[in-house]
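Handing you a structure now.
The values are calculated or read from the model by the stated rules, or taken from the named source; none is laboratory data. All values derive from a computational prediction rather than experimental measurement. Heads up, the Cβs are rebuilt from the backbone with ideal geometry, glycines too, and the neighbour counts pull from every protein chain shown. When the accessible area is computed, the model is the full protein with side chains, heavy atoms only, and any ligands, DNA or RNA have been set aside. Shrake-Rupley method; radii C 1.70, N 1.55, O 1.52, S 1.80 Å.
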Amino acid sequence: MKGLKLSSLDESGRSKVKVGPVTFGEGFVIVAGPCSVESEAQMMETAHSVKSASADMLRGGAYKPRSSPYEFQGLGLDGLKILRKAGDETGLPVVTEVMDPRDVTMVGEYADMLQIGTRNMNNFALLKEVGKSDKPVLLKRGMYSTIEEWLNSAEYVLSEGSSGVVLCERGIKTHETYTRNTLDLSAVPAVRELSRLPIITDPSHGTGRTSLIAPMCLASVASGADGIIVEVHAHPEDALSDKDQALDPEQFSGIVKKARELRSFMEKGSMKR
Ligand code: PEP
Ligand code: MN
């Protein structure tokens, strides 16, 4: 693929991206937490539940890109503070979305990793700003974007001196309506043959349905992904955003066990990536 300078795969090998004690590109990284930080009680309960299920990292949105301006927009700065507290209490590094170039420095004061959401993959001003930050970046694929456009967005971040980019396949728009998006798992091996960057998947936004998340997590392992990010809520029925795709702690813990089992089977046998 032409024009990729910093993200392409060459003799220097694959990138590893460190976020505190977690390394993307080494083993299978599981990131979990609620779609949105809703309250201190909700965040703490969920954080402790994902920690006890052995998640590696915590997620939670403080600035939410919602389809309607009348829906819950996130707690903003208060949400960042709660997320930080949950990370400190559980010892899990935290990732959260930043939507505005003016907020990058402030969000970086609370988060260990900055997430660029699907709707902002083409926001070049934002990509440059997160690239200047000393925090690594989780770059979601634009829902209407090709793999080439996505990798070029990673170049924007890296060309500003970023400490690291992890790609996230979160589903693209197709004519299908039963699923919220179409999780493009072929993007995983495609990216791995083009790019040195670690790639994880998001089966929560990729399907929009709790019943489909476990099989898509396992399929992500089989596809060669470096990890997954999934939405978990201590009480899914009360979730203020993305309720239909919120796993409860028990469902999440089952997924973790199976995903790790499949990954270790693959590492040992002839299935090695
Ligand atoms: C999210 O992870 O909460 C989110 C909004 O994801 P996406 O940008 O992939 O829709
Ligand atoms: Mn969500």
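Scanning for something within 16 Å of ligand 2 (Cβ to nearest atom) and within 16 Å of LEU167 (Cα to Cα), does the stretch 101-114 turn up at least one residue?
no
If you take the residues in the stretch 226-238 that are open to solvent by 10 Å² or more (accessible area, probe 1.4 Å) and away from ligand 1 (no atom under 16 Å from the Cβ), which one is nearest to ILE255 (Cα to Cα)?
ALA234
Mind checking which pairs have a first residue in the stretch 27-41 that is within 16 Å of ligand 2 (Cβ to nearest atom) and a second that is open to solvent by 30 Å² or more (accessible area, probe 1.4 Å) and not β-branched (Val, Ile, Thr), Cβ under 7 Å, 6 or more apart or different chains?
Partner pairs satisfying both residue conditions: VAL31/ASP56; CYS35/ASP242; SER36/PHE72; SER36/LEU240; VAL37/LEU75; GLU38/LEU240.
Out of SER241, SER253, SER270, which single residue is open to solvent by less than 50 Å² (accessible area, probe 1.4 Å) and either over 24 Å from THR96 (Cβ atoms) or assigned to a helix (DSSP H, G or I) (or both)?
One residue alone meets the criteria, SER253.
Could you tell me whether the stretch 89-97 includes any residue that is of a type in the set (Gly, Ala, Ser), free of Cβ contacts under 8 Å to residues at least 40 places away in the same chain and in contact with a Pro (Cβ under 9 Å, 6 or more places away or on another chain)?
Looking through the stretch 89-97, none of the residues is of a type in the set (Gly, Ala, Ser), free of Cβ contacts under 8 Å to residues at least 40 places away in the same chain and in contact with a Pro (Cβ under 9 Å, 6 or more places away or on another chain).
When you scan the stretch 96-116, do you find a residue that is away from ligand 1 (no atom under 16 Å from the Cβ) and either buried (at least 23 other Cβ atoms within 10 Å of the Cβ) or in a strand (DSSP E or B) (or both), even just one?
Within the stretch 96-116 (the criterion being away from ligand 1 (no atom under 16 Å from the Cβ) and either buried (at least 23 other Cβ atoms within 10 Å of the Cβ) or in a strand (DSSP E or B) (or both)), the answer is no, since none of the residues qualifies.
If you don't mind, there's one more thing I want to ask. Quick check: anything in the stretch 155-167 of a type in the set (Val, Ile, Thr) and open to solvent by 30 Å² or more (accessible area, probe 1.4 Å)?
No, there is no match, as no residue in the stretch 155-167 is of a type in the set (Val, Ile, Thr) and open to solvent by 30 Å² or more (accessible area, probe 1.4 Å).
So which residues in the stretch 178-225 are closer than 21 Å to SER7 by Cα, open to solvent by 10 Å² or more (accessible area, probe 1.4 Å) and in a loop (DSSP other than H, G, I, E, B)?
Of everything in the stretch 178-225, those that are closer than 21 Å to SER7 by Cα, open to solvent by 10 Å² or more (accessible area, probe 1.4 Å) and in a loop (DSSP other than H, G, I, E, B) turn out to be ASP184, LEU185, SER186, ARG196.
If you go through the stretch 124-138 one residue at a time, how many are open to solvent by less than 30 Å² (accessible area, probe 1.4 Å) and either away from ligand 2 (no atom under 16 Å from the Cβ) or in a helix (DSSP H, G or I) (or both)?
7
Look through the stretch 45-67, keep the residues that are small (Gly, Ala, Ser), in a loop (DSSP other than H, G, I, E, B) and modelled with pLDDT of 95 or more, and return whichever of them is surrounded by the most Cβ atoms within 10 Å (Cβ to Cβ).
GLY60
Same structure, new question: May I ask you to list the residues in the stretch 68-92 that are open to solvent by less than 40 Å² (accessible area, probe 1.4 Å) and either within 18 Å of ASP202 (Cα to Cα) or of a type in the set (S, T, N, Q) (or both)?
SER68, THR90
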